[in-house]
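The values are calculated or read from the model by the stated rules, or taken from the named source; none is laboratory data. Everything numeric here is computed off the predicted structure, so don't read it as measured data. Here Cβ is always computed from backbone atoms with ideal geometry, including for glycine, and neighbour counts include all displayed protein chains.
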Amino acid sequence: MRSIRRTLILTLLSAFTLVMFVASLNGYLSSMNKAEGLLDDHLKQLAVALAQSHSVSSEMFEDYVLEFEDLQGPSMIAYQVIESGRVTRRTSNAPTESWAEIVSGFSYRNFGDFRWRVYALEVSEAKRVVVAERADLRFVVAETVVLQSIYPLLVWLPILALLTWFIVTWGLRPLAHLSLWIGLKKENDFTPIAFEQTPKELKQIVQSLNGLLGRLGSAFQREKQFGAVAAHELRTPISVAKVHIHNLRLSLKEEAELKALDYVDESVGRLQRVVQQMLDLSRTQPEVIQTRFDPVDLNAVVQQVCVDLWGKFDQKSQTIEFHDAATLPKITGDGALLSLLFENLLQNANRYTPQGGQICVETQCLPSGKIAVTVNDSGPGIAEDQRDMVFNRFYRVHHDNQPEGVGLGLAIVGQIARLHHAHVDISSNRLGGAKFTVTFPAPERKQ
């Protein structure tokens, strides 16, 4: 996922680094030119001093040499004093042949395996002074001086990176607070975001979010009211229809008529189950059940659900196994809703497991202290790309021989699990079907 803070920091640091590099390069080249000019001035001053002196041990020459003695030693300087075409004075590292042919001013010459920066001073028609400085050592001296002025910029780069990180983080703090505020909202909380001192850049976002929350809240209330009202209003006519079907069955004798009535009865029964599931969804809202949590024995709850649904398993000749943990701590929850959760899971297993199939239920206490209940079946299983969607309302898994249903059972399971801070995981099992694992938080230990 792309990070705004990381992007800003990297972009700013890249821009700062580029600017510092260009500035340092420009400063380096400019300073090198100035350093070259200063060294040329020193070379010219030395030539003038030698022209005015009468011995090799000129005080100015010694001072000049001592300036570079720590770096490269006096061998970087060479000179000749030429009088009437003859070399009268020279340093030991200067060539014995005369430099009389060198033109006046600055130039470069090669001798003694080195390249030299040479300055020739025409003192008179009979006398000239030629001073040379090794170009490589001269470059080292100039570069050392220049780099000493550039190094502080490199030292400041990490400090600049830290300051950039701090400033960007501080500037994005309102966005982090807004993200935290939104993250703390519960799924049924549609109240507006009260963000104090909202920056101008975030004000439009906060207003849009509050508008969206308002519309979602209204839609949620309408859906909840419609589901509850519709379910309640439909229960009475469905019950009346069931009574009339029963009475009509007693009066009919023809087999064809009874068969047609069976279809009607089956359709009404399916509608009755849908209405009941809609009622279950409406009464599993968080605000309805949060105050009804008590200690619950999951072994007892699951065992009772298995007993209640035994008739359905027997109709399809299915084998149901229940393996309960010997010592299972009680959890805090709503016993009726937990019964509804496992009832829907087992009905789902019964519906998708074929005739003569196998269903296995197990409770266990995990090493982490959490409580897990698994429901395994030998049905067709659930493809990985559909496992995240089966908890959506009215979503049905696609199978060739798809049983009847409207896709509300697992939605009820997911909603009840969230109310108990539990997690439902879907995987495959050794029977070849689906494995539903409901993991509850570790119960709080009594002090």
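Restricting attention to the range 332-370 and to residues that are surrounded by fewer than 22 Cβ atoms within 10 Å (Cβ to Cβ) and touching a Phe, Trp or Tyr at 6+ places or on another chain (Cβ under 9 Å), the residue that is modelled with the lowest pLDDT turns out to be Asp334.
Out of Asp189, Asp136, one residue alone is under 30 Å from Asn110 (Cβ atoms) and among the acidic types (Asp, Glu). It is Asp136. Does Asp385 satisfy the criteria of being under 23 Å from Gln415 (Cβ atoms) and free of Cβ contacts under 8 Å to residues at least 12 places away in the same chain? Yes, satisfied.
Say whether the condition of being surrounded by 14 or more Cβ atoms within 10 Å (Cβ to Cβ), modelled with pLDDT of 80 or more, within 16 Å of Leu50 (Cβ to Cβ) and in contact with a strand residue (DSSP E or B) (Cβ under 8 Å, 6 or more places away or on another chain) is met by at least one residue in the range 102-109. Yes, there is a match, as at least one residue in the range 102-109 is surrounded by 14 or more Cβ atoms within 10 Å (Cβ to Cβ), modelled with pLDDT of 80 or more, within 16 Å of Leu50 (Cβ to Cβ) and in contact with a strand residue (DSSP E or B) (Cβ under 8 Å, 6 or more places away or on another chain).
Take Gly432 and decide whether it is surrounded by fewer than 18 Cβ atoms within 10 Å (Cβ to Cβ), in contact (Cβ under 8 Å) with a residue 40 or more places away in the chain and under 15 Å from Val302 (Cβ atoms). Steps first, please.
On the way: surrounded by fewer than 18 Cβ atoms within 10 Å (Cβ to Cβ): yes; in contact (Cβ under 8 Å) with a residue 40 or more places away in the chain: yes; under 15 Å from Val302 (Cβ atoms): no.
Judged against the criteria, Gly432 is not a match.
Residue count for the range 1-26 satisfying the condition of being assigned to a helix (DSSP H, G or I) and either among the aromatic types (Phe, Trp, Tyr) or surrounded by fewer than 15 Cβ atoms within 10 Å (Cβ to Cβ) (or both): 17. Residue count for the range 317-362 satisfying the condition of being within 18 Å of Ile382 (Cβ to Cβ) and of a type in the set (A, V, I, L, M): 6.
Take Ser58 and decide whether it is hydroxyl-bearing (Ser, Thr, Tyr), assigned by TED's automatic domain parsing to the domain that holds Val131 and modelled with pLDDT of 80 or more.
Numbers: hydroxyl-bearing (Ser, Thr, Tyr): yes; assigned by TED's automatic domain parsing to the domain that holds Val131: yes; modelled with pLDDT of 80 or more: no.
The answer is no for Ser58.
Candidates are the residues of the range 130-186 that are in a loop (DSSP other than H, G, I, E, B) and touching a residue at least 24 places away in the same chain (Cβ under 8 Å); the one that is nearest to Gly27 (Cα to Cα) is Leu172.
Val375: modelled with pLDDT of 90 or more and among the β-branched types (Val, Ile, Thr), yes or no? Give the derivation first.
Details: modelled with pLDDT of 90 or more: yes; among the β-branched types (Val, Ile, Thr): yes.
Yes.
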